[in-house]
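Colleague: Pasting a structure here, questions to come.
Where a number appears in this text, it was derived from the coordinates with a stated rule and is not lab data. This is a predicted model, so every value here is computed, not measured. Cβ placement follows ideal geometry from the backbone for every residue including glycine, while neighbour counts extend to all protein chains displayed.
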Amino acid sequence: MAGNPSVYGCQIALDYLTGRALDYASARTTYLALLTGNIADDALMSAMPEVTTAGYARQAVTWGAPSNARPSSAANSAVITFGPVTADMPVPVTYAALVTVSTGTAGKIIHKWLLDAPQQPVNGQALQIAIGKLVLTAN
């Protein structure tokens, strides 16, 4: 899936690399949200067109270690499963966003991806992101 960091994602990376500031002093959990449309790179979480279908919830992402290469990349090291949904999804999922909170809009958007193909689960169906499909890359 093609993706890019949000403005916030770029800011925390540069702050960390320069030593200017650390937004998080220790490891933290990040969550994947499913979206029905694109968002601006500087979008707030309240502007995300997030799925609201019954049975959907953001999912924690388990990350593998970054590669020892340039560009360096890190990918999800476990399958990410959403659902199964308990109603037909009325609008297809086209994007995913990495966010800092499991629920609500008080967090930040770190990165977004365009899905390889739109997904529209029906009642009783789950949606999965395979191991290694969610990739973050730093040049």
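Colleague: Run through the stretch 1-103 and list the trypsin sites (Lys or Arg not before Pro) located in a DSSP loop whose Cβ has at most 10 other Cβ atoms within 10 Å.
Modeller: For trypsin sites (Lys or Arg not before Pro) across the stretch 1-103 that sit outside H, G, I, E and B with at most 10 neighbouring Cβ atoms in 10 Å, the list reads R20, R28.
Colleague: At 222 nm, what helix-only mean residue ellipticity would the chain give, in deg cm²/dmol to the nearest 500, using -39500 (n - 2.57) for each DSSP H run of four or more?
Modeller: Estimated from H runs of four or more residues: -2500 deg cm²/dmol.
Colleague: Then there's this: Quick one: Karplus J couplings for the stretch 36-46, per residue in order, coefficients 6.51, -1.76, 1.60, θ = phi - 60°, nearest Hz, x for Gly and Pro?
Modeller: Coupling constants for the stretch 36-46: 9, x, 6, 10, 5, 4, 10, 5, 8, 4, 5 Hz.
Colleague: Another question, then. Let me have the relative contact order for the chain, percent, based on Cα pairs under 8 Å that are six or more residues apart.
Modeller: Across the chain, relative contact order equals 32 percent.
Colleague: Report the Rg/Rh value for the stretch 13-94, based on alpha-carbon coordinates and the Kirkwood definition of Rh.
Modeller: The Rg/Rh ratio comes out at 1.03.
Colleague: OK, next. For the stretch 22-40 and the stretch 78-139, write down the distance between their C-alpha centroids in whole Å.
Modeller: 11
Colleague: Here's a follow-up. What fraction, in whole percent, of alpha-carbon pairs in the stretch 2-138 exceed 21 Å separation?
Modeller: 41
Colleague: Further question on the same structure: Tell me the angle of helix 7-18 to the major Cα principal axis of the chain, expressed in degrees between 0 and 90 and rounded to the nearest ten.
Modeller: 30
Colleague: I need the chymotrypsin sites (Phe, Trp or Tyr not before Pro) found in the stretch 9-66, filtered to DSSP loop residues with at most 15 other beta carbons within 10 Å of theirs.
Modeller: Y24
Colleague: Search the structure for amide H atoms under 5 Å from the amide H of Q125, placed 1.01 Å from N in the peptide plane, and list their residues when 5 or more places away or on another chain.
Modeller: The answer is V85.
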